[in-house]
Every structure is written in C-alpha cells, then in structure tokens.
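I have placed the structure first, in the form of structure tokens, so that the comments after it can refer back to it.
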Amino acid sequence: MRLTKGGGLYVASTLLLGVSAVNTGNNLLFLIVAAMLSFMAVTGVLGWLNIRGIVLSVRLPDEVYAGTETLLPVVAENGKRFLPSFLIRVTLMGNSTSFTLLERKRPQNAALLLSFRERGPLKLPDATVSSPFPVNFFVRATAVHLPVEGTVFPAPRPMLVPAAGGKPDAGEAVSAAASGYDGELAKISDYRGGEPLKLIHWRLSAKHEVFKVKELTATAAEPLFIDLDAVPGRDLEERLSYGTFLVNRLARSGRPVGLKLGERVVPPGTTRSHRLKLLTELALYGKG
C-alpha cells in the first residue's frame, strides 16, 4: 500500500487533530478524529476487498524476440462471489494496463507491450494488481503469480540472403519486416508475436479476443543449411542474430532450411513448427 498526495494530507490532518485533541481535551476534536480514523478503516477494508480475488492469465506468443516489443494478451477475471472490482491496474515488468470495472465471473481482455533484453529461457515475474478504490487516498496492491514459461529468440539482424542457387541476392539487403510477406493472402490466423504490426487485421481483431494477422503465400526452393560457425559476425550474439534472421527469411519464403550448431545438425524443413524449433535451438545455444 502506498499513500497518494491526497492520502498524505488526510493522514497528516488526522494526526494533527489527534495531537490537538490530546493537548486540549476537547471532546469534539476526539469525535472528529474518531470519525476520520473510522473512515480510514472502512475505506481500507473496501480497498482490500476490491483487489482480492482477481485472477490473471496471460498467453505468451509463440515468437518472442530479444529487444523487440511484443503484445502480451492479458485476461483479468473477478473471482469474488458477490462484489465487482473497480479501477484495477495490472503492472508487469514496468508496463501497465487498466480495467475500469471487473464484474463477477465476466473476464475482460487487454494487452501489454513488453520487451525482453536477452535471449534464452523466459519465466514471467509476478504481476502487480493495484487500485486506488474507493477514494484516491491509498493505492493498495497485491502480487499475482503468472506460471508462464517460454523462450526468447535472438534479436533478428538483417543480412544478405542466399538465393536458390546458393548465392546472395544481388545487392539486395532485405529487412526483417518484409521477410516472406510478398505473396497472396492465404488465410487469417492468430497473432503469435513474430509478425510485423502492419499485417495485423485490426478490424477483424476487434471482433475477437486475440489479435488476427494475415498470412501470405510463399514460393518453395532448394534446401539450405545454416552453419552458425560460418555465419559472419563479431561475436556469438551477433552470429545468432544473423542466424535468426536467415531462418525466418528463408523459411517464410518457402525455402527448406536446416541448422548446424557445432556437432549438432537439424535437418531442413519448411513447416512453421520446424522454424520455431530452429529458433529455439538458436535461443538456447550456449545457455548451458
């Protein structure tokens, strides 16, 4: 619990009147102080009941990249038997989202825009549920555990991409935002965290609980192995970033792609699950 500016003035006034009542013996002052303390007690109980029983659930996108902002869907539900909850704020890793009213047994959806610094295994910290209800004198808060684990992929770094004949595209430096999205519309699917924001179907997303994105067709080509030791870069992290970009660019353009990490070899494939497997291998490489 923390005091707001108004709460600090209220507490200071209560203490001042209490000291005055003791020094003067004035019964009226004692009654006023008692009323003010009672008000603090009642609002404290109401504030505690307001944040009690809030249940949070999040769904980590399939693709989370280091240093890249990711939309994290958040579902808040009021698990209390009778009372609604008001002015609820959910804070996670310094980012917040708010719910004006949480009615009993009626979940509401929101989203947090988060960014993770490093690649590797991801375990979300506890979220903080807070509220200034019923009066903005005190902000009460409680921690809510989020049993969500995942993997943060290396930050993709653009580089020249080998063409079907094994040579880089002539003079073409492609960006991650445009990777593999130059075909016709194939289908609409759920947002997974790796798609550029320009492909989000905003009008359709407004009608569903999760964001919807457009998936475009791609053209298949010859298989290719990515040997991490042969990827250019000043250090391991830079080579992993280039490797991540290559995996996404080649796989999304329909090119069967495999991976060689030291003695470990992953055969080429074209499915989305195969691409995620390659990205996971890159994310966990050297992490023990």
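Values quoted throughout were computed directly from the atomic coordinates according to the rules given, and no laboratory measurement underlies them. Worth saying up front: this structure is predicted, and the values here are computed from it rather than measured. In this analysis, Cβ positions are derived from the backbone assuming ideal geometry, glycine residues included, and neighbour counts consider all displayed protein chains.
Worth pointing out:
- Label-to-label distance, Lys207 versus Thr271, with points set 7 angstrom from Cα along the beta-carbon direction: 3.1 nm.
- Relative exposure of Tyr191, Tyr10, judged by other C-beta atoms within 10 Å (fewest first): Tyr10, Tyr191
- Spin-label pair Thr128-Arg52: with each label point 7 Å from Cα along the Cα-Cβ axis, the two points sit 2.2 nm from one another.
- Comparing Cα centroids, the range 88-109 and the range 133-160 end up 13 angstrom apart.
- Placed amide H near Ala111: partners under 5 Å, 5+ positions off or other chain: Val74
- As a proxy for reagent exposure, ranking Val247, Val266 by other Cβ atoms within 10 Å from fewest up yields Val266, Val247.
- Percentage relative contact order, the range 13-132, counting C-alpha pairs under 8 Å, at least six apart: 24 percent
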